[in-house]
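The values are calculated or read from the model by the stated rules, or taken from the named source; none is laboratory data. All values reported here derive from a predicted model rather than from experimental measurement. Positions of Cβ are backbone-derived with ideal geometry, glycine not excepted, and every protein chain shown enters the neighbour counts.
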Amino acid sequence: MTRMGASSSMDTSRVIHLELDGRKEKITFSRHCCSKDIQDLILQLAGGSRVSKVSLQSTDGAYIPVTPTMPTNSSNTPYRVHIQDLSNTCDPRQGDSDFCNTIVSQVAEKFNSVFKVEEFRQEVHNRISSIEKRLESKNI
């Protein structure tokens with residue numbers, strides 16, 4: 001008797017071999033998980049923060065996308081892990097003050113445009129009310 005789901009073709013786990021700081025590691029994940037889950041798993045293994053960027057590079061130098069469908073490899077051809085910490089992206093001591101200033105000014109512009117829209121809406125409402133009062137006074 002065959003049971004449904006007992007087949008080895010139903011196995012959806014994937015194994016990827018990694019090289020991290022000179023040591024070889026192996027991760028296992030489901031084909032049904034998302035890219036972010038795989039990146040979080042690699043970051044946990046590397047001891048990186050959740051606001052880090054993960055990239056994988058094959059032994060021939062090609063960059064590999066971190067997805068559940070990435071090509072499998074062997075322990076002889078591990079993907080090299082590169083992690084870029086993005087937690088200090090807006091730290092002026094890191095020389096990114098121009099970037100931070102640009103973001104702050106863009107946010108300020110958006111706030112100003114929203115408030116101008118509110119002022120305009122209030123002005124239109126006041127004018128319509130004024131017109132309605134004139135029409136009522138003329139009994140139209």
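Residues in the stretch 18-46 that are under 19 Å from T59 (Cβ atoms) and exposed (fewer than 11 other Cβ atoms within 10 Å of the Cβ): D21, G22, R23. Out of Q44, Q57, one residue alone is in the same structural domain as R14 (by TED's automatic domain parsing), touching a strand residue (DSSP E or B) at 6+ places or on another chain (Cβ under 6 Å) and at pLDDT 75 or above. It is Q57. Considering only residues that are modelled with pLDDT of 75 or more and basic (K, R), look in the stretch 84-140 and name the one that is nearest to Q39 (Cα to Cα). Here the answer is K110.
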